[in-house]
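Everything below concerns the one structure shown next.
The values are calculated or read from the model by the stated rules, or taken from the named source; none is laboratory data. What you are looking at is a predicted structure, and each value in this text was computed from that prediction instead of being measured. Note: ideal-geometry Cβ built from the backbone for every residue, glycine included; neighbour counts use all protein chains shown.
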Amino acid sequence: MKKSLFSFTLPALEKEMESLGHKPYRARQIYQWLYVKNEYDISKMSDLSKDFREFLNENYSVDLPKIIKEQRAKDGTIKLLLEYEDHGKVEAVLMRYDYGNVICVSSQIGCNMGCAFCASGLLKKERNLTSSEMVGEVLIMNRLLREECERVSHVVVMGTGEPFDNYDNVLNFVHIINDQKGLSIGARHITVSTCGLVPGIIKYGDEGIQINLAISLHAPNDEIRKKIMPIASAYPLDKLMEAVKIYEEKAGRRVTFEYIMLKGINDSLSCADQLSDLIRGTLAYVNLIPYNPVKEKPYERSPQSTTKAFADRLMKRGINCTIRKEFGTDIDAACGQLRVKYGGKEK
Ligand code: SF4
């Protein structure tokens with residue numbers, strides 16, 4: 001089976017070239033074609049010798065996922081259903097913020113974490129995505145954005161899947177997109193979001209990278225969290241908060257706590273008080289997320305006034321927080337909905 005050229009960091013590709021008897025600068029030439037000149041046809045990489053291009057074509061692939069479905073919202077949000085060679089499908093979503101174009105990348109096909117409110121978890125994990133497949137999500141979105149002379153400037157690994165359940169591929173992916181000779185997406189413009197896999201959080205703190213970490217908290221106590229997030233049984237909040245402190249100490253960076261506002265479940269002022277007590281003493285801040293209802297799930301969105309009161313209470317108690325801007329409300333807004341609608345892997 002051919003290796004994907006998108007699966008290599010630049011140092012890894014230099015080593016690969018050297019191990020095959022080629023000069024390491026060949027790797028830099030290939031990187032330029034792929035990530036700066038956006039050329040995915042090896043035979044057109046004109047500053048490589050014909051023999052070398054033939055060698056590359058015989059041994060390496062540069063495949064991108066196919067777009068199966070594309071939705072565009074009035075606010076510029078683009079939602080893609082992508083399909084890989086084995087017919088596995090994922091979603092990738094582009095959101096337009098004032099500060100840039102943010103792609104939400106999936107890291108697995110399906111997800112086994114079973115969060116009760118999530119459409120992505122309706123289809124169980126089929127497999128991990130490789131780092132080259134995640135790079136493909138970014139490149140395919142960039143291809144669409146080039147029509148508007150734009151590009152992806154920020155990446156959040158927050159789509160379908162649990163990134164720390166696919167740790168090595170996700171880390172390799174972020175190193176590839178971060179490389180200054182490639183896509184050059186700044187480390188501080190990349191965020192990895194976990195539902196709370198404690199060993200992954202601690203390991204991530206050891207990586208010595210400036211990439212952001214977000215944690216899907218969604219509840220202020222174990223009782224509520226266990227009802228909506230099965231991961232809470234394996235890693236209760238005391239263990240999770242201990243890991244956050246270890247991460248903050250090692251990495252010297254603060255985490256973002258994501259908190260989906262679910263009507264009557266986790267949105268009371270008492271929940272806000274418990275939440276502020278829980279995270280006080282960390283560097284963290286809270287991102288409150290208006291819930292996008294999923295037809296197959298019993299949960300409803302908290303009213304805007306409740307979310308506002310919750311945010312005010314956190315601020316009053318000294319916790320920094322934001323309410324996430326909404327995107328794509330006129331398309332299938334909830335993460336994973338498109339894939340559920342158009343089925344999982346075709347048999
Ligand atoms: S919220 Fe994330 S971790 Fe939880 S089931 Fe959905 S995709 Fe998986």
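Go through segment 25-117 and tell me which strands (runs of 3 or more DSSP E), entirely inside it, have 1 or more residues that are buried (at least 21 other Cβ atoms within 10 Å of the Cβ), without any contact (Cβ under 8 Å) to a residue 60 or more places away in the chain and not charged (D, E, K, R).
Details: elements: 66-72, 78-83, 89-97, 100-104.
So the answer is 78-83, 89-97, 100-104.
Among the helices (runs of 4 or more DSSP H) confined wholly to segment 199-289, which include 3 or more residues that are at negative phi and either more than 16 Å from the ligand (Cβ to nearest atom) or surrounded by fewer than 16 Cβ atoms within 10 Å (Cβ to Cβ) (or both)?
Values: elements: 222-228, 231-234, 237-251, 269-279.
Once the helices (runs of 4 or more DSSP H) in segment 199-289 are filtered for at least 3 residues that are at negative phi and either more than 16 Å from the ligand (Cβ to nearest atom) or surrounded by fewer than 16 Cβ atoms within 10 Å (Cβ to Cβ) (or both), what remains is 222-228, 237-251, 269-279.
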Item to complete: Scan segment 156-166 residue by residue and report those that are under 21 Å from Glu126 (Cα atoms) and out of contact with any Pro (no Cβ under 9 Å at 6 or more places or on another chain).
Response: Met158, Gly159, Thr160, Gly161, Glu162, Pro163, Asp165, Asn166
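With the condition kept exactly as written, say whether any residue in segment 249-264 is of a type in the set (D, E, K, R) and in contact with a Pro (Cβ under 8 Å, 6 or more places away or on another chain).
First, the residues of segment 249-264 that are of a type in the set (D, E, K, R): 249-250, 253-254, 258, 263.
Filter once more, so that each one left must be in contact with a Pro (Cβ under 8 Å, 6 or more places away or on another chain): 263.
Yes.
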Discussion item. Can you tell me which condition Ser49 does not meet? The list is (1) modelled with pLDDT of 95 or more; (2) hydroxyl-bearing (Ser, Thr, Tyr); (3) more than 18 Å from the chain's Cα centre (by Cα), and all the others hold.
Written reply: (1)
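Tally the residues that are exposed (fewer than 12 other Cβ atoms within 10 Å of the Cβ) and either in the same structural domain as Glu137 (by TED's automatic domain parsing) or small (Gly, Ala, Ser) (or both), restricting the search to segment 2-24.
In the first step, residues of segment 2-24 are kept if they are exposed (fewer than 12 other Cβ atoms within 10 Å of the Cβ); the result is 19-21, 23.
Going one step further and asking which of them are either in the same structural domain as Glu137 (by TED's automatic domain parsing) or small (Gly, Ala, Ser) (or both), we end up with 19, 21.
Of the residues in that region, 2 qualify.
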Fill in: Qualifying positions in segment 304-333 - within 20 Å of Met95 (Cβ to Cβ) and either modelled with pLDDT under 85 or in a loop (DSSP other than H, G, I, E, B) (or both)
Arg324, Lys325, Glu326, Phe327, Gly328, Thr329, Asp330, Ile331, Asp332, Ala333
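Which of the residues that make up segment 20-40 are farther than 21 Å from Asp179 by Cα and modelled with pLDDT of 95 or more?
Initially, segment 20-40 is screened for residues farther than 21 Å from Asp179 by Cα, giving 20-22.
Selection gives nothing.
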Practice prompt. Being touching a residue at least 24 places away in the same chain (Cβ under 8 Å), under 13 Å from the mean Cα position of the chain (by Cα), more than 13 Å from the ligand (Cβ to nearest atom) and within 17 Å of Glu83 (Cα to Cα) narrows it down to one of Met141, Met134, so name that one.
Written response: Met134
